[in-house]
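Asks: Before we start, here is the structure in question, set down as structure tokens.
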Amino acid sequence: MKVISFLGFNQYGYTETTYVNPDKTKKFKTAIFQEAIVDFYKPDAVYVLLTKTAKEGISNNATESTWETLKKSLEGKVDLHSIENIPEGHTTEDIWQLFEKLTSFIEQDDEVLFDITHGFRSLPVLALIAVSYLRVVRNVKIVGLIYGAFDAKNKETNETPTFDLLPIVGLLQWTTATDQFIKTGNGQVLASLLKGGETSTQNLGDSINAISKGLQLLRPMDVMQESSLLPDRIKEATKSISKTIPPFATLLKRVQDDYGKFGLNNPSDYQTNSKLALARQVEIIEWYSSKGQVVQALSLAREWLPSLLCHHFDLDPLIENPNRSEMEFLLSSSGMLKDRVTNEIIKQSPYREQWLAVPNDKRTPLTRLWGGGINLANLRNDVLHAGFRRNSRNADAVIQQLEIVIRELKVIAKLWELN
């Protein structure tokens, strides 16, 4: 484990006190907090960030700099390194210089304890941002964010508490994971963070993971079922999470607002829930489109039309043959196929008469969207064939067509009273 620490300059010198570690199991008497850090955590190495003033400045009534004193006190106890010429300004160049210095000694998979006790001005904040960056690009694990709170010293006992502010870093992780889930539908990181908690948080993690997989793999029934569990599971998990990361409760509300609207218990019960399931699927299609997930949006939109007819004829939309195939036959040929030469009827759907009895203002938008001027079936096939077709559409054309498809779906949903 590596400790990243700061050594500031105090013209009056540092006052000796007894530091108490965060879990109150150890104490160490010293004027320089880094000594207590080494005693508490037994790190492999300590990297001290030094501005020029902090390195060379000598306090009143002292014969050497605080840095020289620290080197002597830690000699033989730990591998001590100085990171010198840390900028004292706040320009963009200063920030990038700090990034470069931190990058030079933080390596792949390092464990880092971060001490901000004697940080100069905004340097601890900048360094924390840099370490958070390295946490991603080099898989660095931050095991502590330590602060020796001299201002909170007990004057009677001369004991100074040490606080671990790691939950601040944890909140950054929770925020990033939640943001990823809300913006992309990928909830794997958020689910993994929830897995480490109590049963209620693990249950919430299971739901988020299931919603994420359902969205990625085009499983709208799974998405609706798991989303229906969100309100209760978020309510239960909030009680636990609020104890350790109180602000995360607000983030969970964002999750509920964004995904709770997809919720429908037992969506595959077509006799009871088909109308609601179709309405939820339009919302999911819009969600796919808003996230730039065009392939999923077109795929679900294409399947939505046969599902709508299954609803109309009171058929189970999860049965491919004959239910869905018959509905597709109605959409593509009004339920009748004739020989081009003899004009004899080759195939006729048993639902043809009922289909033709549907008013034109409800029926025409479906046939136009399916295979007419918009030709959703062909558009979906064009995309799924990855453009390996003659006269395939380019990406911009596909996106423009998707916008038209969604507008038409919403019109159809209104005409068929699904709202």
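Where a number appears in this text, it was derived from the coordinates with a stated rule and is not lab data. Note that the structure is predicted; figures quoted are calculated from it, not measured. All Cβ positions, even for glycine, are placed from backbone atoms using ideal geometry, and neighbour counts span all protein chains on display.
Asks: Which ³J(HN,Hα) values, rounded to whole Hz and listed in residue order, are derived for region 267-276 from phi using the Karplus coefficients 6.51, -1.76 and 1.60 in 6.51 cos²θ - 1.76 cosθ + 1.60 with θ = phi - 60°, glycine and proline given as x?
Replies: Here the 3J(HN,Hα) series is x, 7, 6, 5, 6, 10, 10, 4, 5, 5 Hz.
Asks: Among HIS118, HIS81, HIS311, HIS385, which comes first, then next, by fewest other beta-carbon atoms within 10 Å? Write down the numbers at each step before the final one.
Replies: Values: HIS118 24, HIS81 13, HIS311 20, HIS385 10.
Going from least to most buried by this count: HIS385, HIS81, HIS311, HIS118.
Asks: Can I ask one more? Which of the lysines could a cross-linker span from LYS253 if the Cα-Cα distance has to be under 25 Å and same-chain partners fewer than 8 positions apart are dropped?
Replies: LYS183, LYS195, LYS213, LYS235, LYS239, LYS243, LYS261, LYS291
Asks: Going Cα to Cα from LYS55, which lysines come in below 17 Å? Please leave out same-chain ones fewer than 8 positions away.
Replies: LYS71, LYS72, LYS101
Asks: Let me ask something else about it. For region 307-344, run through the trypsin sites (Lys or Arg not before Pro) and keep only the ones in DSSP coil with at most 12 other Cβ atoms within 10 Å of their Cβ.
Replies: Details: sites: ARG324, LYS338, ARG340; in loops: ARG340.
When the trypsin sites (Lys or Arg not before Pro) of region 307-344 are filtered for loop state and at most 12 Cβ neighbours within 10 Å, ARG340 remain.
Asks: Continuing with this model, one more query. I want the local charge near LYS141. Using Cβ-Cβ distances under 15 Å, sum +1 for each Lys or Arg and -1 for each Asp or Glu among the other residues.
Replies: Around LYS141, the charge tally is -3.
Asks: Any idea what angle helix 220-244 forms with the longest principal axis of the chain, computed on alpha-carbon atoms, 0 to 90 degrees, nearest 10?
Replies: 20 degrees
Asks: Using the Cβ atoms and a cut-off under 11 Å, what net charge is assigned to the surroundings of GLU417, where Lys and Arg are +1 and Asp and Glu are -1?
Replies: +3
Asks: Related question: Count charges around ILE58 for me, please; just the other residues with Cβ under 12 Å from its Cβ, Lys/Arg as +1, Asp/Glu as -1.
Replies: Neighbourhood net charge equals -2.
Asks: In the Gaussian network model of the chain, springs joining C-alpha atoms below 10 Å, which of THR178, THR367, THR92 carries the largest mean-square fluctuation?
Replies: Of THR178, THR367, THR92, the most mobile in the Gaussian network model is THR92.
Asks: List the aspartates and glutamates whose alpha-carbon lies under 12 Å from that of LYS410, not counting same-chain residues fewer than 8 positions away?
Replies: Counting by Cα, and skipping residues close in sequence, LYS410 has these aspartates and glutamates nearby: GLU283, GLU286.
Asks: Work out the length of the dipole vector of the chain about its Cα centre, built from +1 on the beta-carbon of each Lys and Arg and -1 on the beta-carbon of each Asp and Glu, and round it to the nearest 20 debye.
Replies: Values: 48 positive and 51 negative charges, 208 e Å.
My answer is approximately 1000 debye.
Asks: With each run of n ≥ 4 DSSP H residues scored as -39500 (n - 2.57), what mean residue ellipticity at 222 nm is computed for the chain after dividing by its residue count and rounding to the nearest 500 deg cm²/dmol?
Replies: About -17500 deg cm²/dmol.
Asks: Identify which of LEU278, LEU402, LEU102 has the largest mean-square fluctuation in a Gaussian network model of the chain, with springs joining Cα atoms closer than 10 Å.
Replies: So, out of LEU278, LEU402, LEU102, the one fluctuating most is LEU102.
Asks: Calculate the dipole size of region 319-419 relative to its Cα centre from +1 charges on Lys and Arg beta carbons and -1 charges on Asp and Glu beta carbons; express the result in debye to the nearest 20. Walk me through the intermediate numbers first.
Replies: On the way: 15 positive and 12 negative charges, 37 e Å.
The dipole of region 319-419 has a size of about 180 debye.
Asks: While we're looking at this one, here's another question. Gaussian network model of the chain, Cα springs within a sub-10 Å range: biggest mean-square fluctuation belongs to which of LEU70, LEU194, LEU300?
Replies: LEU70
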